[in-house]
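Here is the structure we will look at.
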Amino acid sequence: MMQAYFIRCLLCLLLFTSAAVQAQVTVIADGPGNTYELMDQQGYNVESPDCGHAVKHINEIMDTQLGKYVFAFTLHRDLDDDRCGATDRQRIELRGKGSEQQGTQGSTSYYRWKFKLDAGFQESPNFCHIMQLKAYGNGHGSGAPIITLTPRYNNKMEIGHTGLGGAVATADLSLFKGVWVEAYVKIKHDNNGTLEFVIKRLSDGVTLLSYTNNNLDMWEDGAGYGAPKFGFYRSLTSPSYLRDETIRLADICVTKGTANLCPSDVGAACVPASASTDDGNVPANVLDNDLNTRWSASGNPQWIQLCLSAAQTVSGVQIAFYNGTARRSNFDIQVSTNGTSFTNVATGLQSSGTSNALETFNFSPVSAKYVRIVGHGNTVNAWNSYTEIKVLNGSSFVSRVGKTEEESSEALNVTPNPFTQQTTVSFDLKTAGQTRLAVYDITGKVVAVLVNGNLPAGKHTIPFKCAETPAGSYILQLQHGGRSVSKKLQKL
């Protein structure tokens, strides 16, 4: 509990410091517990049906695709209403109440957030808003929203503007199901206002839906301000179309400064190592430069994949096999630029059966961001077990910052390591920009977010106080400028 409290306090301090200096508020999931309190600290009212259905309708859960905690907004079709009021609709939404979320007349606001609809998401013929801009203040707030983002029953995702009578832009809803996307909105709050609304697929930056209008009424006369609402608000008029539904949101950023204060993560959502499953010997073990640890999974097929910082030319892999002198492992190699569609580059491969060291498997050079090893068991049983995996570009190892392994290891220093109560992280940034420094356990769960904000170029020194953190192995990851580098930590 003390660890969770410390992490939350540290994160809030970092975010509030950033907000004070740069006029930015970002809500980041940091692990289960006190989720509503976190929202309140960051300037949001939670509008929920908790009073009638006594469960938390926003929870923080681990998302395996992003490799971090995210917010899960859930509505239960038969149990929830609209804040113990109207029963023909239900909502779980965040309403901006802080100064950064309140766009006064003539001001400009920027919003950026990530969301994912479930692959089996069920839409209805009636409204189901997952984002709204509404007018508040001076007695306003009960009227129609100014703009909306709505999944529709006709297989459309639509951007709506009430003053223009409804949809102003639509896209195929199937493009959004089961996929993380990033939404960006720029608004000038005025009668002769402007709107820029763009949604991109997070993995590869493909634009799925967009709308721009430089002369649009974005103001409700007499109101005090416009504020965003993020979450889930739907009609119950046609319940047979609906089910219990969860929408995932992450990294909700709002600013009245510039768009740079809410930087894009498009193309940067990347878990260094992930797998179809494991037996407790986790995927991160293949990146720790330790032949005594491994990833293992039984079955045919089972896969493990590495994610690079960006698409680049790769020409082979090196793999060290567990029990490599006692059996021969069977596998294929696949690559992908987007993490969704994979192509075989080498099939029917087999380890030598004579070595526990790294073995090299080359293929024709190809552009890839993801490299996947698809295991088909071994000559003794169905287990797929690898102790280390490295991706090759010619004779060099491809690291997650696009340099050789030797160069990348110098970019992030930890002293002491191993450590007991505290250690110090240092790194140099050649350019200023959005920076994230986080600690993960070996299952990929976030343990601490040490930095999340804009940093200037130069050397930075960050303490990691971890007296309450259990002993064990952890991964430290630095993300900056669309690239990332990782280092193994050992807490004694």
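The order of Cys51, Cys466, going from fewest to most other C-beta atoms within 10 Å of their C-beta, is Cys51, Cys466.
Computing FRET efficiency as 1/(1 + (r/R0)^6) for Thr104 and Tyr153, where r is the C-beta to C-beta distance and R0 is 60 Å, gives about 0.95.
Inter-label distance, Ser210 to Ala311: 1.7 nm, where each label sits 7 Å from its Cα along the C-beta direction. The base-10 log of I(q)/I(0) for the range 413-491, evaluated at q = 0.12, 0.15, 0.19, 0.24 Å⁻¹, reads -0.31, -0.49, -0.77, -1.17 [Debye formula, identical scatterers on Cα atoms, solvent excluded].
Helix 2-22 and the long axis of the chain differ in direction by around 60°, with both axes built from C-alpha atoms. Charged side chains reduced to their Cβ positions (Lys and Arg at +1, Asp and Glu at -1) give the chain a dipole of some 580 debye around its Cα centre.
Take the Cβ atoms of Cys84 and Glu196, set R0 to 41 Å, and the FRET efficiency comes out at 0.65.
When peptides 194-203, 429-438 are sorted by average Cβ neighbour count within 10 Å, with the highest value leading, the order is 194-203, 429-438. Across the range 114-122, rounded Karplus estimates of 3J(HN,Hα) from the backbone phi angles (6.51 cos²θ - 1.76 cosθ + 1.60, θ = phi - 60°) give 10, 8, 9, 7, 4, 4, x, 3, 10 Hz, Gly and Pro being marked x.
Of the residues Ile475, Ala346, Leu38, the one whose Cα sits farthest toward the positive end of the charge dipole of the chain, with +1 on the Cβ of Lys and Arg and -1 on the Cβ of Asp and Glu, is Ala346.
Taken together, the values in this text are just the output of simple stated rules run on the coordinates, not laboratory data. For clarity, every value in this text was computed on a predicted model and none was experimentally measured. Backbone-built Cβ (ideal geometry, glycine too); neighbour counts: all protein chains shown.
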